[in-house]
Amino acid sequence: MSTAERDSAQTQRDIAQAELQTAINGLKKIVSGERIEDIKQAQAALVAAITDVTLQQQILQDYTIIATRNGIVESLPYHVGDRVAVNATIAVITTHTIPYARIYVPEPYRVNIKAGNRLIIHADGIEQSYQGTVRWIATTPSFTPYYTLNGSDKARLVYLAKVDFPENGRDLPAGVPVQVEMPHER
C-alpha cells in the first residue's frame, strides 16, 4: 500500500470516529435531557420573541386608523409614505346617514322656519323636487355687519340651516347644488 493510500485511510478512519463520537454525544443528550443552561437560553429567546411580537403589534396599532362609523371613502388626500401634519384630515368618508341640504335662510324668512317644517328642495339636474324636513336652524346669524344694524342691513342677515332629504333622495351625490323654496314663496 502506498503512503498516500494509507494517509487517506487514516483520514477516513478519523472522520468516522469523529462522526461516531458526535452521534454518541447526541444520543447521551437525548437520553439525559437538555442542560439547564440550554433550557434557560431557549426560554429567554422565547420571551424576547414574544416581546418583539408585542412591540410590533403596538406599532401596527399606533399606525392604524379606524373610522368611527361605516361609510364610503370619498377622498384620500395623502399617499403611502407622505408625511401628514398633526390634526390633518387623512380621509374623507361619506357615511350612510340621511343626506341633507345646508342652506342659508335670509332674515325675513327666519321667523317662518323652525325644526320639523317641510320645505320643497330642487336639486340641480333633477326634474323631480323633494319635500325635505328642517333638521336644525341656527339661532344666531352667520353674517353680521361689523357696525350697528339699521333697517336695511338686517335684511342681509342669514341663518344656517340643515334640511334632510326624504328616503327617495338618499342616492343623491354629495355636493350637488340645491335651491329651497322659502315658506311664503309658494
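The values are calculated or read from the model by the stated rules, or taken from the named source; none is laboratory data. Note that the coordinates shown come from a computational prediction; the quantities given were computed from them, not determined experimentally. Cβ coordinates were reconstructed from backbone atoms using ideal geometry, including for glycine residues, and neighbour counts include every protein chain displayed.
Write out, first by first residue and then by second, each pair whose Cβ atoms fall under 9 Å of each other, whose residues are 6+ apart or on separate chains, and whose first residue, in region 92-119, is touching a residue at least 40 places away in the same chain (Cβ under 8 Å) while the second is among the small types (Gly, Ala, Ser) and in a loop (DSSP other than H, G, I, E, B).
Cβ pairs passing all conditions: 94/174; 99/174; 104/142; 105/138.
Quick check on region 114-140: of everything there that is closer than 17 Å to residue 170 by Cβ and of a type in the set (Val, Ile, Thr), which residue is modelled with the lowest pLDDT?
126
Return the only residue of 31, 80 being in a helix (DSSP H, G or I), free of Cβ contacts under 8 Å to residues at least 24 places away in the same chain and either among the β-branched types (Val, Ile, Thr) or closer than 30 Å to residue 169 by Cα (or both).
Working: 80 fails: in a helix (DSSP H, G or I).
Testing whether each residue is in a helix (DSSP H, G or I), free of Cβ contacts under 8 Å to residues at least 24 places away in the same chain and either among the β-branched types (Val, Ile, Thr) or closer than 30 Å to residue 169 by Cα (or both) leaves just 31.
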